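The values are calculated or read from the model by the stated rules, or taken from the named source; none is laboratory data. Predicted model only: the values in this text are computed from it and were never measured. Here the Cβ positions follow ideal geometry from the backbone for every residue, glycine too, while neighbour counts run over all protein chains shown.
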Amino acid sequence: MLLPVHALRRLHVLDWLAGGVLACGLLCLATGLLPARSAGDAMTRIAPLLAFLGTVIVLAELTSRAEVFDVVASWVARAGRGSYAMLFVLCVAFASLTTVTLNLDTTAVLLTPVMLALASRVGIAAVPLAMTTVWLANTASLLLPVSNLTNLLAADRVALSPAGLAARMWAPQLASVAVTMVCLWVFYWRRGVRGAEVYVPPAPHRPADRVLFRVCALACAGFLLAILIDAVPLWTASAAAAALAVGAFALRARSVLRPSLVPWRLLVLVPGLFLVVQTVDVNGLHRLLATAVGTDGGLPGMLRAGAVGGGLSNLLNNLPVYLAGESAVPVDNHDQLLALLVGTNVGPVVTPWASLATLLWFERCHAQGVRVSPGRFMATGAVLAATALPAAVAALALTR
């Protein structure tokens, strides 16, 4: 009896949130508010997404344990040669690459503590690095299906391969990252606010186990290659890469392989969100969103869809907002749907609950003792959303 009680006490508030959302979704199904057929269609659609999400997070966690991120972060700091301007560009590239290739939750959960530890080790101001990770976790998540769960849904809806989505979203991605860089520099990185003139580059980081380091680096590289050439489904590529990393740890560091590596919270939250949103959608939300989004497939309609996606994401959360908004966009309006995607990916940078990645980032910052003023976070995030979102939608319209 004591064991379950002890386990319940150890649950994080986000665990309770995930469980509550799933319970709410199941209650909607049990009471008939959600038709069984709609629930079945939703679960069939997300099964590959859950397989991908679970395996890619395991891959990222083991890659972090193998100190791949630490080596790269150390290299970034040394490559900056004491210059904050150069360090800024390199950190933006590092965070963007992590988000694009391993998804935004990896950047929030695993890259954030690495960057904050690096800041502490070499005397770099922590808040600029922290804001770089959280903003780019969201605004750099447009390019590939792997970058964000919403991308996987959108690519499926408009029948785009990973290469096809990248070909369509490269301009919006560049635009959103460019605006993010400007906002980061003005609000957090420029000389008057970062609190230092130069920094001392760290010594090279030497991984404790070079075999694990090389195997995990190879697994990540193979995963990226597989998704770029679109040879196998995403979940198959992530599962194969995770299996390689797990095999290496089983041989050399078995104690690391624990059930906690699996992102249970996300695997509970995502089905719950789908069930809840499906319930609300079939009971009236669809009509409201259809009216708000409209049917104009041109630039005005795209900007409208992006604004609805970004605004509602900051009120609620970007994943359920995209799910509900997707069904409100006319089937043939592919550009309008991608504009909605831009809104739900780039826009949720104002409120702490706008995206799961931001919630996870706040948790990691708190654990590392780094405090970011909520008022400053929301005010600067509002400026970023108001500038990056229309810039990205305009880039999408110009390159269609």
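Only residues that are without any contact (Cβ under 8 Å) to a residue 40 or more places away in the chain and not in a helix (DSSP H, G or I) were counted in the range 170-195, giving 1. Taking the criterion of being polar (S, T, N, Q) and under 21 Å from Thr112 (Cβ atoms), the residues of the range 341-400 that qualify are Asn345, Thr351, Ser355, Thr358, Gln368, Ser373, Thr380. Restricting Leu257, Leu275, Leu285, Leu289 to residues that are within 17 Å of Leu17 (Cβ to Cβ), touching a helix residue (DSSP H, G or I) at 6+ places or on another chain (Cβ under 7 Å) and of a type outside the set (Gly, Ala, Ser) narrows the list to Leu275. Of all the residues in the range 216-238, those that are modelled with pLDDT of 80 or more, within 17 Å of Asn151 (Cα to Cα) and either crowded, with 22+ Cβ neighbours inside 10 Å or under 19 Å from the mean Cα position of the chain (by Cα) (or both) number 5.
The residue list Val282, Val270, Val276 contains one member that is touching a Gly at 6+ places or on another chain (Cβ under 8 Å), assigned to a helix (DSSP H, G or I), under 30 Å from Pro320 (Cβ atoms) and not small (Gly, Ala, Ser), which is Val276.
Right, Ala85: of a type in the set (A, V, I, L, M) and surrounded by fewer than 22 Cβ atoms within 10 Å (Cβ to Cβ) or not? Against the criterion (of a type in the set (A, V, I, L, M) and surrounded by fewer than 22 Cβ atoms within 10 Å (Cβ to Cβ)), Ala85 qualifies. For the range 58-82, a residue qualifies if it is assigned to a loop (DSSP other than H, G, I, E, B) and either in contact with a helix residue (DSSP H, G or I) (Cβ under 8 Å, 6 or more places away or on another chain) or surrounded by 18 or more Cβ atoms within 10 Å (Cβ to Cβ) (or both), and the qualifying residues are Ala66, Glu67, Gly80. Set side by side, the residues Ala95, Ala167, Ala159, Ala108 differ, and just one is free of Cβ contacts under 8 Å to residues at least 12 places away in the same chain and in a helix (DSSP H, G or I), which is Ala167.
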